[in-house]
Structures are given as C-alpha cells and as structure tokens.
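K.L.:
First the structure, then my questions, so here it is.
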Amino acid sequence: MVYVVILILFYSIFIYIGEDKVMQPPEDVVAAEGDTVTLDCTFQTSDPSPYLFWYKQDGTSRPQFILSRVKGDKGKTEDEFKERFSSTLNSTMKSAPLKIQELQLSDSAVYYCALRPTVTGSSRSAH
Ligand SMILES: *[C@@H]1O[C@H](CO)[C@@H](O)[C@H](O)[C@H]1NC(C)=O
C-alpha cells in the first residue's frame, strides 16, 4: 500500500482588535491521506456572540474562506468545503476547532482562524 504523507502547515496568528484575540497553537500537523485531523483554535473576546472564521492559504495565493461559525454549528460553509470540513463553536470553551475528514493531498496548506472576516496584514509566522 502506498502511504501518502500530507503536511499541513499551521502557523500561529494573533489578531488583536480591541481586546479580542485569537490563539492558534503554532504547530505542523502531519497526517496521511484519508485521515481525519482537527486544528485547534481558541479565542478571547468580550463579544457575547463571536463569529469565528477559518481560512485556507495555499502557497502565495490569497486566503480562501472555508467557513464561519457563531454558536455551535450555525454559520456559513463554502460549497467546496461542505463535504469534509466542519467546525463547532463552543462559547464556554471559547474554541472553534476545524475538523477535516478524508484528507487529500490538496488539503496541504496553511490554515488560519480569525475573529474577523479578513486576515490581511496581521499574520506572522511562529517564532
Ligand atoms: C463545550 O465544551 C465543554 C468541555 O468539553 C463541554 O462540556 C460542553 O458541553 C461544550 N458546550 C457546547 C455548547 O458544546
């Protein structure tokens, strides 16, 4: 059996807008094709109904919107990600992990989680 190893680059990104903050653990996730992975994302905000956004950035192209979540499973998911990408926002734990099922080679990318619908200009790589 041929085992294809997929590397998902995952950098930490901190976006501050007022007191709001998003924390992604700096981490490379290595998984095999067909696996299921969960990318963590926790946040701090005074907003009682925060929206969380997940983006995928492949190479040098612009970050691509995957999904947004507000309270539980509510939110929007882009059609092309509906089948294998999911997230549930837990307001108690202040987390919205992204779950990717049946990994494909094309899933290799940098994934961002953000409290605002754009990630332009505020990203930096982990130390
Ligand atoms: C949030 O996470 C906690 C701890 O895992 C769990 O007990 C709780 O039921 C979750 N809340 C929701 C709304 O899923």
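Please treat every number below as a calculation from the coordinates, not as lab data. Computed from a prediction, not measured in an experiment: that's the story for all the values here. Using ideal geometry, Cβ is built from the backbone for each residue, glycine included, and neighbour counts are taken over all protein chains shown.
K.L.:
Applying 1/(1 + (r/R0)^6) with R0 = 25 Å to the Cβ-Cβ distance of K21 and L105, what FRET efficiency is obtained, to the nearest 0.05?
P.N.:
E(calc), rounded to 0.05, equals 0.15.
K.L.:
Quick check: pseudo-label points 7 Å beyond the Cα along Cα→Cβ at Q44 and S61, how many nm apart are they?
P.N.:
Reported label-point gap for Q44 and S61 is 3.5 nm.
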